[in-house]
Amino acid sequence: MLLRWLRDRRRHALLERPFPPAWTRYLERNMGHYAALSEREQATLRELVQVFVAEKHWEGCGGLELTDEIRVTIAGQACLLILGHDHDLYRKVDTILVYPRAVVPRRPTLAQAAAGTPTRGPMPVLGEAHVRGPVILAWDAALRGGRRPRDGHNLVYHEFAHKLDMLDGAADGTPALASRDDYERWTRVCQREYEALQRAIDRGARTFLDRYAATNPAEFFAVATEHFFEQPREMRREHPALYELLRDFYRQDPGARALPRRARARR
Ligand SMILES: [Zn+2]
């Protein structure tokens, strides 16, 4: 109770401060979806970013020196997922580790493998999310994903979708939902789509959803989230039930927004 009061007071003070103009430029430059949001949505996103940047523990790894641009670019993409909700959905996100780039895997030591802890050596893959641990991201991949808003791939959306899924303690492709009806609908829609995807892959057919989605239900949800934000109209056409499910879950309708442009800036 007291903690919540302190937190709310801190947030309030934080939001009294103006959003730094440089941060807006980072969002415009590095997050293709920012420009496609309505003014009201942009304002909400900026508030979410301000709190997210301040409250999470950020750490640069593998020699990466963290900058505001890195934090804001990652926070902007992460907070798009909670635009229709609030920070509560990320209450289990404490730490974000950022590596400069993804590198070839190095075998974890037996002790590390047994403990299931992430190593702080070279970044093994593009990103990871752990149930009771950090979100780990490669900065080059996070930036690339933000600047290419329509290719169907976004590392930050993917990893933070895993965190939403894990909020109820299980990485099983089903996030915490409000009612029994919601769970029934979720299971029905996702199971049907997941099985259809596996069948399509088995017969070598073209699939709209990236095939990685067929790995397991957790990956299915994370990959579907990437398509939902990056290719909403195509998804609405090809997988209407899945699109509507995610639209209701995220409480936003990316298919109704203007088409995002590939981020303009170069560097
Ligand atoms: Zn994944």
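The values are calculated or read from the model by the stated rules, or taken from the named source; none is laboratory data. Everything numeric here is computed off the predicted structure, so don't read it as measured data. A quick note on method: Cβ atoms are made from the backbone with ideal geometry, for glycine too, and the neighbour counts reach across all protein chains shown. Surface areas here come from the heavy atoms of the whole protein model, side chains and all, with no ligands, DNA or RNA. Shrake-Rupley method; radii C 1.70, N 1.55, O 1.52, S 1.80 Å.
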Task: Cut-off under 5 Å, modelled amide H: who pairs with TYR99 long-range - done: CYS61, LEU137, ALA138, TRP139
Open item on the list: For a protection proxy built on the mean count of beta-carbon atoms within 10 angstrom, sort 77-83, 42-48 highest first, please.
Closed with: 77-83, 42-48
- [ ] Might you work out the accessible area of LYS56 for me, using a 1.4 Å probe with all protein chains in place, and round it to the nearest 10 Å²?
- [x] 30
- [ ] About the Cα centre of the range 128-234, how large is the charge dipole given +1 on each Lys and Arg Cβ and -1 on each Asp and Glu Cβ? Please answer in debye to the nearest 20.
- [x] 300
Task: Accessible-area order (highest first, 1.4 angstrom probe) of the listed residues ARG9, ARG148 - done: ARG9, ARG148
TODO: Please build a GNM for the chain, connecting alpha carbons under 10 Å apart, and tell me which residue among GLU69, GLU195, GLU226 fluctuates the most.
DONE: GLU195
- [ ] Quote the Stokes-Einstein diffusion coefficient, in whole µm² s⁻¹, for the chain, based on the Kirkwood radius over alpha carbon pairs, a temperature of 10 °C and a viscosity of 1.306 mPa s.
- [x] 83
Open item on the list: Run the helix sum for the chain: -39,500 (n - 2.57) per DSSP H stretch of 4+ residues, divided by residue count, reported at 222 nm to the nearest 500 deg cm²/dmol.
Closed with: -16000 deg cm²/dmol
- [ ] Please state, to two decimals, what the Cα-based radius of gyration of the range 148-217 comes to when divided by 2.2 N^0.38 Å (N = residues).
- [x] 1.23
Task: Share of carbon and sulfur in the accessible heavy-atom surface of the chain [1.4 Å probe, %] - done: 50
Task: Gyration tensor over alpha-carbon atoms, the range 1-99, equivalent ellipsoid semi-axes in Å - done: 20, 19, 13
TODO: Taking only protein heavy atoms into account and a 1.4 Å probe, give the accessible area per residue of the range 1-87 in Å².
DONE: 53
